[in-house]
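The values are calculated or read from the model by the stated rules, or taken from the named source; none is laboratory data. Note that the coordinates shown come from a computational prediction; the quantities given were computed from them, not determined experimentally. Here the Cβ is made from the backbone with ideal geometry for all residues, glycine too, and neighbour counts use every protein chain on show. Ligands, DNA and RNA are stripped out before the accessible areas are found, and what is left, the full protein with its side chains, is counted by its heavy atoms. Shrake-Rupley method; radii C 1.70, N 1.55, O 1.52, S 1.80 Å.
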Amino acid sequence: MFPEGRPARRGLASLPLERLYLWLAVPAGLLFVFLNPPFAGVPDELAHYLRALALAQGELGRRAEAPKDYVDLVGSVRAEDERQRWGGLDPEGVRRALTVRPGPELAQFHCRIGYAYPFAFLPQALVLKLGLEARAPPLVTFLLARLVTLLLATWLVHAAIRVAPTGKLVFALVALLPEAFQQMASVSYDALHFGVLLYFSAHVLALAHGTRSATRRELGLAVLLSLGGTLLKPGYTAMALLVLLVPRRHFRGPRAHGAFVLGTLALNGAALALGLFWFGMGIPVEDGQREAQMALVTGSPLAFLGVVVNTLYLGLQGLWEGLVFRSGQSSSTLAPLTYVLVGCACVVLLRSQDELTRPTPAQRAVLLGTVLIQTVLIHVPLFLLTPVGRPVVLGLQGRYFMVLVPPLVLGLAGLSLRSEWVRRHLRAALIVFAVVLLACAMVHVLRLH
C-alpha cells in the first residue's frame, strides 16, 4: 500500500507500446544519425544524397550542378587508407566538413538513381536547400537531413503501432531492428517508405477490425497511404492489395465498396505506370538484356517463379542477415550466433503475446496473398538487371522485405498445421511421404550417372 494521497507508480506493463517504442527508437536513431559513418554506413546513401542534392537545385534529371564542397562531401571526409580509420573517415576532413562553409566553386555531378521518383526525397531536398541557401557546412546539412528523415519515419512508425488493432508488437519489433534504424536514420528514400507502408498496413487493419463505420477521412487516408507507398517506391505497388481488408460494412453498398477498392488499385497502378514510362528504369544495362529478361517474366512466368524460389532458398541466410542488420554496403555482418539468437528471441516474443487476433479466412488470404505477390514483384526490377541465364536474381537484400513482416506474421496468426485426414490415416501419410521423397532422391541419383 502507498501512503494516502500518493499515486501508485505506473510500471512497464501499463506503458503503451507506441510510447515505449519512442523511448527506445529516438536515442537509438540519434546514435545512427551521428555515429553511423556518412555514406559508408548505409547502402547506396551516396546515390540517395546526390539525388536529393539535385532536387534541392531544382533538377529532376540525372545531371545537376551544386557547390563543389557539397558534391565532393564523400571524398572530403574519407581517409586515404580506410583500414586505418574508424568507418573509413578522416578526422581532419570531418572537422573541416563540419565547420567550413562551402566555397563559390560549382561542380557538376551525375545522379545514378536519377530515375527514382522525387517524392521520397522531398524532406531531404528541403533540408539541403536550406543548407545551401544558408551556406552551412556540408556535413552539418547532411546530418540534419538524416535527422529529419529519422523523425518523420519514427513518427510514422509510432502512428502505426498506435492505430494497429492487433499485432502491435509485430510492428514495434520490426521497427526496432538495427537494419530499420540504419535506413530510418539516413537520407535514403527507404526511410519514409518504411514508415508509410507500416502506417498503411496498421490503418487498414484498424478499418478491418473496427466496429463502427469508417469516416470518409479514414477511408481517404487509406487511399493516400497506399498511393504514398507506390509514389515513394513504385516497386511496392502490390502492397495496395491490403485495401481488400476493408470490409463492406463501411460503405453504403457493394458498389461503393467495389469503387473504393478498384479506385485505390487503379490509382496505384497508374502511379506505377507513370514511374515506368516517364522516368523509366534509367539504369544502364547491356543492349537487349532488359528486353530478354522481361520476355522471360511475361512469356514464361513459371520459369521466372522458379528463379524467385531458387533465389530465396539459396539466399535465405543473407536475407535474414539483411533483415536484422548488415553494415555499410551489405558486406559486414554480426557474429553468426547473434542472428540465431535474434531469430529465437523474435519467435519467443511473438509467440508470447496475447493480443494477436486470429484473422478470418478471407483476411488471411488477403494478407498472405499480398505478401506472396509483393515478394515476386520485388524480384522483377532486380531480375531485369541480372545477366541473362543466371539461375538467381542478383542484388536482393533482406531490408527489402521489412514491410512484409507485419502482414506475414498477422496472416499466419492462429494457423494450425494439423490435418484431420493425416490424423486418421497417419501410417498411410507416412508411407506417401517416404515414397515420394525417396523417389525424388533416386531420380536425382540416376541423373548424376
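Considered as a group, the residues in the range 210-226 that are out of contact with any Leu (no Cβ under 9 Å at 6 or more places or on another chain), under 20 Å from L410 (Cβ atoms) and of a type outside the set (S, T, Y) include one that is surrounded by the fewest Cβ atoms within 10 Å (Cβ to Cβ), and that residue is G210.
The set of residues in the range 364-387 that are in contact with a Gly (Cβ under 6 Å, 6 or more places away or on another chain), aliphatic (A, V, I, L, M) and in contact (Cβ under 8 Å) with a residue 24 or more places away in the chain comprises L367, L368. Scanning the range 351-375 for residues that are assigned to a helix (DSSP H, G or I), among the aliphatic types (A, V, I, L, M) and buried (at least 17 other Cβ atoms within 10 Å of the Cβ) yields V366, L367, L368, V371.
Can you tell me which of (1) surrounded by fewer than 17 Cβ atoms within 10 Å (Cβ to Cβ); (2) within 25 Å of L227 (Cβ to Cβ) is the one A107 doesn't meet? Here A107 meets the rest and fails (2). When each of G41, G58 is tested for being under 15 Å from D190 (Cα atoms) and not hydrophobic (A, V, I, L, M, F, W, C), the lone residue that passes is G41. Exactly one residue out of V388, V405 is within 27 Å of L176 (Cβ to Cβ), hydrophobic (A, V, I, L, M, F, W, C) and open to solvent by 30 Å² or more (accessible area, probe 1.4 Å), and it is V405.
Only a single item in (1) open to solvent by less than 90 Å² (accessible area, probe 1.4 Å); (2) out of contact with any Pro (no Cβ under 6 Å at 6 or more places or on another chain) is not met by V148, and it is number (2).
For A256, the conditions (1) open to solvent by 30 Å² or more (accessible area, probe 1.4 Å); (2) touching a helix residue (DSSP H, G or I) at 6+ places or on another chain (Cβ under 7 Å); (3) part of a helix (DSSP H, G or I) are fulfilled apart from (2).
Looking across the range 187-201 at every residue that is of a type in the set (S, T, Y) and modelled with pLDDT of 95 or more, the one that is farthest from F119 (Cα to Cα) is identified as S201.
Inspect all residues belonging to the range 195-208 and state whether any of them is part of a helix (DSSP H, G or I), open to solvent by 10 Å² or more (accessible area, probe 1.4 Å) and over 20 Å from V403 (Cα atoms). No, the range 195-208 has no match at all. Residue count for the range 321-341, restricted to those that are touching a residue at least 24 places away in the same chain (Cβ under 8 Å) and either surrounded by fewer than 16 Cβ atoms within 10 Å (Cβ to Cβ) or out of contact with any strand residue (DSSP E or B) (no Cβ under 6 Å at 6 or more places or on another chain) (or both): 8. Evaluation of P165 against the conditions (1) assigned to a helix (DSSP H, G or I); (2) touching a residue at least 60 places away in the same chain (Cβ under 8 Å) shows that the sole unmet condition is (1). So if I check each of G282, G318, G306, G229, which one is assigned to a helix (DSSP H, G or I), modelled with pLDDT under 95, open to solvent by less than 60 Å² (accessible area, probe 1.4 Å) and more than 30 Å from A362 (Cβ to Cβ)? Exactly one residue qualifies, and that residue is G318.
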